[in-house]
Amino acid sequence: MKCPVCGQVLTREDRAWRCMSRHSFDIAKEGYVNLLSAHRSGDKIGDNKEMALSRRDFLNKGYYAPLADAVTACLRRYSSGGDTVLDICCGEGYYTAYAAQCLDRRFYGFDLSKNMVRLAAKRRIDARFFVANIASIPIMDGTVKAAFHLFAPFHAAEFRRVIADDGVIMTAIPGRDHLYGLKEVLYDQPYRNDEKEPSAEGLTAVERVRVRGEITLNTREEINALFRMTPYYYHTPSDGMKRLESCSTLTTPIEFILIIYKKA
Ligand SMILES: C[S@@+](CC[C@H](N)C(=O)[O-])C[C@H]1O[C@@H](n2cnc3c(N)ncnc32)[C@H](O)[C@@H]1O
Ligand SMILES: [Zn+2]
């Protein structure tokens, strides 16, 4: 990891990470470290505690396990034992934990939200979690063999900087039919996703993997948890909300495209 103040390598000393210039970052009791530069707290940034818990509980039930499987399979193909793997915007660590349980790699994960990183660290897996911003990733240049980045802002220049010359960065976009069953409830005229890929300057897509499945949610709690994880949560008309509130079960396709990039 890299010192967010001066850019030198950080090494672990007891309960803190320190650089040669003695900048020091304490390890929280849950085991993560806050590497946001300046004195900004990650507490008030990103999803609140309730949303982070709801996301964790939903993912833990395995509804998105087909995606976690596909990410893990790609990591297995594009990295080897002992390589460094980075989960960019790791959220509450579901995908990091899934892959770390299957693969012998050095896992790192970070997110801007302290609430999320705290939950990730509480998973007690063999991974190092830290609070940081994708605009300035506190990782030394070219040290990551495989990075993955799921449903979060894209920052091609930083992704390119941290991966090794023969490394990869993979991202996921929603496929055409992703959550169409939910959209049929929410909207009078539901639409398919356009599968628009992010602008990835300096990176070249070398592989695309399509992941499809169907899920059925049988409780109001799970339906709400899924809804809150989607962008529709922020712009759904009130009649759509009412229809969703009256659903006690929901079946929907899930579909993702995993895009694997190398340096151009
Ligand atoms: C939709 S969640 C996805 C989390 C995780 N990748 C997953 O799929 O479960 C998006 C995450 O991006 C994080 N995020 C948003 N902006 C960020 C930034 N500038 N730097 C780091 N993380 C950021 C949020 O805190 C949130 O945890
Ligand atoms: Zn320093």
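Readers should treat all values here as calculations from the given coordinates under stated rules, not as data from a laboratory. Computed from a predicted structure; not experimentally measured. Every residue, glycine as well, gets a Cβ built from its backbone with ideal geometry; the counts of neighbours run over all protein chains shown.
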Cysteines having no other Cys beta carbon under 4.7 Å from their own, within the chain: Cys6, Cys74, Cys89, Cys90, Cys102, Cys247
Just list whichever of Lys114/Lys242; Lys29/Lys196; Lys49/Lys183; Lys122/Lys242; Lys122/Lys196 have alpha carbons separated by over 31 Å in the model shown. Lys114/Lys242; Lys29/Lys196; Lys122/Lys242; Lys122/Lys196
Where the centroid of each part is defined by its Cα atoms, how far is region 56-121 from region 202-264 in Å? 18
For the chain, set up a GNM with springs between Cα atoms under 10 Å and report which of Val131, Val206, Val144 has the largest fluctuation. Val206
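Mean residue ellipticity at 222 nm from the helices of the chain, using -39,500 (n - 2.57) per DSSP H segment of n ≥ 4 over the full residue count, to the nearest 500 deg cm²/dmol?
-8000 deg cm²/dmol
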